[in-house]
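The values are calculated or read from the model by the stated rules, or taken from the named source; none is laboratory data. The structure presented is a predicted model; accordingly, all values stated were derived computationally and were not measured. FYI the Cβ positions are ideal-geometry reconstructions off the backbone, even for glycines, and counts take in every protein chain you see. Surface accessibility is based on the protein's heavy atoms, side chains included, excluding ligands, DNA and RNA. Shrake-Rupley method; radii C 1.70, N 1.55, O 1.52, S 1.80 Å.
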Amino acid sequence: MRYDTQPKASHFVDGAYLEDSAGREMEVIYPASGAVIARLHEATDAVIEKALVSARRAQAEWAALKPVERGRVLRRAADLMRERNRALSELESCDTGKPLSETLYVDATSGADALEYFGGLAGALTGEHVPLGADWGYTIREPLGVCVGLGAWNYPTQIACWKGAPALACGNAMVFKPSETTPLCALKVAEILHEAGAPAGLYNVVQGAGRVGAALVGDARVDKVSLTGSVPTGRKVYAAAADGMKHVTMELGGKSPLVIFDDADLENAVGGAILGNFYSSGQVCSNGTRVFVQKGIKEAFLQRLVERIGQAKIGDPMDEATNFGPMVSEAQRGIVMGYIAQGKDEGARLVCGGEALERDGFYVAPTVFADVTDDMVIAREEIFGPVMAVLDFEDEDEVIARANDTPYGLSAGVFTSDLARGHRVIGRLQAGSCFINSYNDAPVELPFGGAKMSGVGRENAKVAIEHYSQLKSVYVRMGDVEAPF
Ligand code: TXE
């Protein structure tokens with residue numbers, strides 16, 4: 001590998017890289033070849049302790065700054081991320097296997113957007129004055145304290161920033177644990193924040209798997225936990241956080257519906273379905289993996305879909321012409337291939353793909369099943385790979401009921417040229433992040449998060465402030481106190 005992927009040390013704690021080789025060794029595998037590209041160590045108890053102690057100390061110092069000064073640090077970090085976009089994108093591609101044609105545009109750049117947005121908001125975070133007749137009250141917006149971020153492996157830079165930026169803007173410190181599958185990128189985020197002027201210890205990165213995450217969540221010095229991951233892990237982390245009555249944000253999985261009506265613009269609908277199933281090789285939580293297509297447009301849709309999938313450039317993620325890369329890991333490829341076998345067994349019609357590619361790395365061909373029915377496992381469970389399930393429908397009420405018949409509620413999309421119908425249908429779908437004639441846009445200005453089992457709370461937008469701060473209310477009596485005795 002011609003890129004420098006071995007970090008200076010495994011962790012970034014108290015403003016510097018930190019190693020403790022007593023921790024279990026972790027290998028970082030390049031998904032496009034299977035080669036080991038870095039060796040790290042899991043955080044030991046000593047590393048976790050140092051991270052928490054330094055976070056608490058830094059948080060007090062940081063919260064005492066004027067909010068505009070905090071914002072300036074975040075905006076400087078955003079500028080540094082943009083200046084280094086190419087190097088950060090290459091690292092993201094090494095860590096995840098996602099092609100550079102994606103990472104150059106959506107990873108460090110969306111991380112920078114979050115730093116810029118919340119950096120700009122920092123100075124505007126205030127309480128309010130409340131008139132109470134002769135008396136009055138006011139509120140003070142206070143940080144929560146030390147926040148723990150637990151990352152998934154599909155967007156390691158973005159997740160580190162989406163959690164870190166609002167946390168820091170509100171005056172908190174963060175201890176971030178990346179996914180053990182993609183541990184490299186968050187270290188760069190920590191480095192950049194430190195260089196931009198964040199005090200040592202404000203944003204720490206510690207490595208490890210669930211054990212390290214659980215140790216952080218269970219620590220009494222932690223005030224808030226924000227997880228991006230699967231529903232089973234979300235359940236465990238939410239329960240552990242409840243024990244200490246900690247605040248939580250849960251960004252979990254989904255099995256989202258994408259509804260395509262007969263009157264939809266065909267090319268746009270096919271484009272939306274491709275974005276919602278094959279971007280990042282399908283490893284996106286908000287993907288619209290249940291594609292409900294109205295009967296009148298079904299054959300034309302499938303034909304155009306297969307033609308356009310035929311134009312995918314599958315290959316070396318570092319070649320900028322490539323637009324479809326491997327699965328993140330051998331394990332994930334195994335999970336996806338298991339679902340594909342199940343789809344075949346259940347009698348869904350394989351329209352294209354359906355196999356792992358004969359080449360190095362963990363590639364699975366873009367796969368489409370048609371004639372899928374609601375009860376099939378491939379229509380019910382999150383696959384987290386490039387597998388689209390196409391289901392037929394006839395009318396609006398029917399498709400809404402079927403689309404909502406899932407424990408998940410992360411996203412939903414609709415394609416139609418009847419805008420009144422578009423809004424009406426979205427209004428009735430049970431999902432947090434929705435799209436009309438589009439799919440999978442996630443600008444920092446809009447809240448992102450799920451309904452039902454897909455999560456708790458929202459990331460991004462002004463509402464994220466509510467999840468990283470709390471209000472102190474103060475009653476001020478202007479006259480004498482009247483007591484009963
Ligand atoms: O995620 P996990 P994994 C789905 C996808 C995938 C499956 C498993 O279907 O196949 O999840 O992926 C940490 N206490 N998504 O194993 O297990 C863990 O170390 C504290 C959807 O990567 O949910 C990691 O940092 N922390 C998802 C993070 O939690 C714990 C994106 C997520 O791990 C912990 C990725 C514990 N007990 C996978 N156990 C999405 N919604 O986007 C684990 N962790």
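Going by what's in this entry, would MET478 be described as outside any loop (DSSP other than H, G, I, E, B), modelled with pLDDT of 95 or more and farther than 21 Å from THR126 by Cα? Step through it out loud before you land on a result.
Values: outside any loop (DSSP other than H, G, I, E, B): no; modelled with pLDDT of 95 or more: yes; farther than 21 Å from THR126 by Cα: yes.
No; evaluated as a whole, the condition is false for this residue.
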| task | Look at THR249 and say whether it is more than 8 Å from the ligand (Cβ to nearest atom), in contact with a helix residue (DSSP H, G or I) (Cβ under 8 Å, 6 or more places away or on another chain), open to solvent by less than 10 Å² (accessible area, probe 1.4 Å) and part of a loop (DSSP other than H, G, I, E, B). | result | no
| request: Working carefully through the options ALA389, ALA403, find the one that is crowded, with 20+ Cβ neighbours inside 10 Å, of a type in the set (A, V, I, L, M), within 16 Å of the ligand (Cβ to nearest atom) and touching a residue at least 12 places away in the same chain (Cβ under 8 Å). | output: ALA389
| query | Residue check, LEU144 against (1) under 30 Å from SER281 (Cβ atoms); (2) away from the ligand (no atom under 16 Å from the Cβ), all met but one. Which one? | reply | (1)
| task | Keeping to region 252-270, report how many residues are touching a residue at least 60 places away in the same chain (Cβ under 8 Å) and more than 16 Å from the ligand (Cβ to nearest atom). | result | 10
| task | Tell me which residues, restricted to region 186-228, are in contact with a Phe, Trp or Tyr (Cβ under 9 Å, 6 or more places away or on another chain), within 14 Å of the ligand (Cβ to nearest atom) and within 20 Å of GLU42 (Cβ to Cβ). | result | ALA186, VAL205, VAL206, VAL225, LEU227, THR228
| message | I'm trying to understand the selection: among the residues of region 338-386, which are within 15 Å of the ligand (Cβ to nearest atom) and in a loop (DSSP other than H, G, I, E, B)? | response | PHE362, GLU381, GLU382, ILE383, PHE384, GLY385, PRO386
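Among the residues of region 271-293, what is the count of those that are of a type in the set (Gly, Ala, Ser) and touching a Ser or Thr at 6+ places or on another chain (Cβ under 7 Å)?
Looking only at region 271-293, we keep the residues that are of a type in the set (Gly, Ala, Ser), and these are 271-273, 276, 280-282, 286, 288.
Checking which are touching a Ser or Thr at 6+ places or on another chain (Cβ under 7 Å) leaves us with 272, 286, 288.
So the count comes out to 3.
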| field | Filter pass, GLY422 being modelled with pLDDT of 95 or more, among the small types (Gly, Ala, Ser) and surrounded by fewer than 22 Cβ atoms within 10 Å (Cβ to Cβ) | value | yes
| query | Here are GLY149, GLY120, GLY127, GLY111: which of them is out of contact with any Cys (no Cβ under 9 Å at 6 or more places or on another chain) and part of a helix (DSSP H, G or I)? | reply | GLY120
| If the Cβ limit is 6 Å and pairs must be 6+ apart or interchain, which residue in region 445-459 that is over 19 Å from LEU115 (Cα atoms) and open to solvent by less than 20 Å² (accessible area, probe 1.4 Å) pairs with which residue that is modelled with pLDDT under 95 and outside any helix (DSSP H, G or I)? | none
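Every residue in region 98-143 that is hydrophobic (A, V, I, L, M, F, W, C) and open to solvent by 20 Å² or more (accessible area, probe 1.4 Å), please.
Pass one, region 98-143, residues hydrophobic (A, V, I, L, M, F, W, C): 100, 104, 106, 108, 112, 114-115, 118, 121-122, 124-125, 130, 132, 134, 136, 140.
Selection gives VAL106, LEU121, ALA124, LEU125, VAL130, LEU132, ALA134, TRP136, ILE140.
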| query | Right, GLU398: open to solvent by 10 Å² or more (accessible area, probe 1.4 Å) and either touching a residue at least 12 places away in the same chain (Cβ under 8 Å) or farther than 27 Å from GLU346 by Cβ (or both) or not? | reply | no
| field | Residues being open to solvent by less than 10 Å² (accessible area, probe 1.4 Å), assigned to a helix (DSSP H, G or I) and farther than 17 Å from GLY71 by Cα - total across region 163-191 | value | 3
| Selection within region 272-302 - within 22 Å of the chain's Cα centre (by Cα) and assigned to a helix (DSSP H, G or I) | GLY272, ALA273, ILE274, LEU275, GLY276, ASN277, PHE278, TYR279, SER280, SER281, GLY282
| request: For ASP441, indicate whether it is surrounded by fewer than 17 Cβ atoms within 10 Å (Cβ to Cβ), over 27 Å from the mean Cα position of the chain (by Cα) and among the charged types (D, E, K, R). | output: no
